[in-house]
1. Going through G59, G22, G26, G67 one at a time, which residue ends up being closer than 30 Å to M187 by Cα, part of a helix (DSSP H, G or I) and modelled with pLDDT under 75?
2. So in segment 387-420, with the set limited to residues that are under 24 Å from F244 (Cα atoms) and among the hydroxyl-bearing types (S, T, Y), which one is surrounded by the most Cβ atoms within 10 Å (Cβ to Cβ)?
3. For segment 243-257, enumerate the residues that are in a helix (DSSP H, G or I), surrounded by fewer than 24 Cβ atoms within 10 Å (Cβ to Cβ) and either of a type in the set (S, T, N, Q) or at pLDDT 90 or above (or both).
4. L170 - would you say it is surrounded by fewer than 22 Cβ atoms within 10 Å (Cβ to Cβ), without any contact (Cβ under 8 Å) to a residue 24 or more places away in the chain and either closer than 26 Å to W206 by Cα or in contact with a Lys or Arg (Cβ under 9 Å, 6 or more places away or on another chain) (or both)?
5. So which residues in segment 291-316 are without any contact (Cβ under 8 Å) to a residue 24 or more places away in the chain and crowded, with 24+ Cβ neighbours inside 10 Å, if there are any at all?
6. Does at least one position in segment 231-240 carry a residue that is in contact with a helix residue (DSSP H, G or I) (Cβ under 6 Å, 6 or more places away or on another chain), in a loop (DSSP other than H, G, I, E, B) and either modelled with pLDDT of 70 or more or not hydrophobic (A, V, I, L, M, F, W, C) (or both)?
7. Looking only at segment 94-124, count how many residues are closer than 15 Å to N33 by Cβ, within 14 Å of the chain's Cα centre (by Cα) and at pLDDT 75 or above.
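The values are calculated or read from the model by the stated rules, or taken from the named source; none is laboratory data. Only a predicted model underlies this, so the values are computations on that prediction, with no experimental measurement involved. Because the Cβ atoms are built from the backbone with ideal geometry, glycine has one as well, and the counts that use them run over all protein chains shown.
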Amino acid sequence: MSLTRPNLRRADIWNMSMGFLGIQMGFALQNANASRILQTFGADVEHLSWFWLVAPITGMIVQPIVGHYSDNTWTRLGRRRPYFLAGAVLASLGLILMPNAGMFAAFIPALWVGAGMLMIMDASFNIAMEPFRALVADKLPSSQRTLGFSVQTVLIGIGAVVGSWLPYVLAEWFGLGKSASAGEIPMNLILSFVVGAAILIGSILWTVVTTDEYTPEQLADFDEEDEPIESNEKASLADIFKDFANMPDTMKQLGLVQFFSWFALFSMWVFTTPAIAEHVFGVAKGDASSDLFQEAGNWVGVIFGVYNAVSAVFAFFLPKIADSLGRKKTHAVSLVLGGLGLISIYFIQDKYWLLLSMVGIGIAWASILAMPYAILAGSIPAKKMGVYMGIFNFFITFPQIVNGVIGGPIVKHLYGGEAIWALVTAGIFMILGAWAVMRVNDVDATTQN
């Protein structure tokens, strides 16, 4: 007879996910500013999505491998925590070096250095992120998993708000330079990335120090069909392909939901800065060196912070809403609101009205970060939690790769170089995700509080 995982105190749930605050702060700095940095170094708007391809490609490769090995190893730090720490160190180096890519210009074009740092950062974020998802499923009983993923969403929101707003705050409140010569990055942006690196390391260390892990033997007691893991010698990378072929039906159904959702998100992250700069601020196409373009970039950081702040607040209510409506309906409604928020940007000329659009996007973002994982966790065996959480990342990275390949050409040839239409398309895809989630079989729906 299998034992039941004990309920954890709320403080323990917060501690085990604290690292997500730093990870998402780094992600927010990347999402809000990578296109701006790459354009400053000389990238054309129609090529931005190609540079962003390095992020999902590295995630597709890294997350299943990390999940596989974290399932099948045990160290003095446990099986998930070593990956937190390694990912944090590498991501911090990427954060520091990306806006300083110009210092390598004597050896290699700054644009390519910046793109390389984007790859290193995203690979490292993925090394750290996947084990956090698996840790929630490792540590929490089914009745607390929606709460666990919602707490992660709150911390993600807080970290993203700080990361998104930091360049604006350093410039407007502390007077750090927000403009620079052509081809150079403003000081407020450089310092923001340095601060993000420091907080990333600190928050990961918080989780490593305050959180222990169940041993393989304890996990086997919780899940009687599993056998204790004795060593990683029994495991092979080829097992990943077997696991992929045998993924549960619920996971396949969620894959379509994730495709629509993350195709939309990728468009938003890549094209919001040029779209807002041209459509709202009146910046001429291709002008990435003017002060007005930098002002638009800072404002994009502000509104991205707003949608992340909304997601952090909404995440507090997600467990209760999901308990009342069910996880599928909760996610569907959230995605519809996010889609409408994206589409509404087309009709806005005043930058302050963009804040209203971010409310819907923030609600969708909160749900995207919690509901699919809460639904998924109940459909996969505990001994495969890490690898399936990693494989599930395929359904996040694949739509981004598709978008990365076709998004730029579509903007150039179909939308006449007007990036705003990429955001409208993103809104439509988000609504399609709401349609798809209602066709998912939530096998663990009876214990979703």
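1. Of G59, G22, G26, G67, the one residue that is closer than 30 Å to M187 by Cα, part of a helix (DSSP H, G or I) and modelled with pLDDT under 75 is G59.
2. So the residue we want is Y388.
3. First, pick out the residues of segment 243-257 that are in a helix (DSSP H, G or I): 243-245, 249-257.
In the following step, the residues that additionally are surrounded by fewer than 24 Cβ atoms within 10 Å (Cβ to Cβ) were identified as 243-245, 249-253, 255-256.
Result: T250, Q253, G255, L256.
4. Working: surrounded by fewer than 22 Cβ atoms within 10 Å (Cβ to Cβ): no; without any contact (Cβ under 8 Å) to a residue 24 or more places away in the chain: yes; either closer than 26 Å to W206 by Cα or in contact with a Lys or Arg (Cβ under 9 Å, 6 or more places away or on another chain) (or both): yes.
Taking the combined requirement at face value, the residue does not satisfy it.
5. Residue satisfying the conditions is A296 alone.
6. Step one: list which residues in segment 231-240 are in contact with a helix residue (DSSP H, G or I) (Cβ under 6 Å, 6 or more places away or on another chain), which gives 240.
Subset that is in a loop (DSSP other than H, G, I, E, B): none.
Within segment 231-240, not a single residue is in contact with a helix residue (DSSP H, G or I) (Cβ under 6 Å, 6 or more places away or on another chain), in a loop (DSSP other than H, G, I, E, B) and either modelled with pLDDT of 70 or more or not hydrophobic (A, V, I, L, M, F, W, C) (or both).
7. Residues meeting the conditions: 1.
Residue-by-condition table, conditions (1) among the aliphatic types (A, V, I, L, M); (2) part of a helix (DSSP H, G or I); (3) at pLDDT below 85:
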| site | (1), (2), (3) |
| --- | --- |
| F132 | no, yes, yes |
| P167 | no, yes, no |
| E184 | no, no, yes |
| V195 | yes, yes, no |
| V208 | yes, yes, no |
| E217 | no, yes, yes |
| D221 | no, yes, yes |
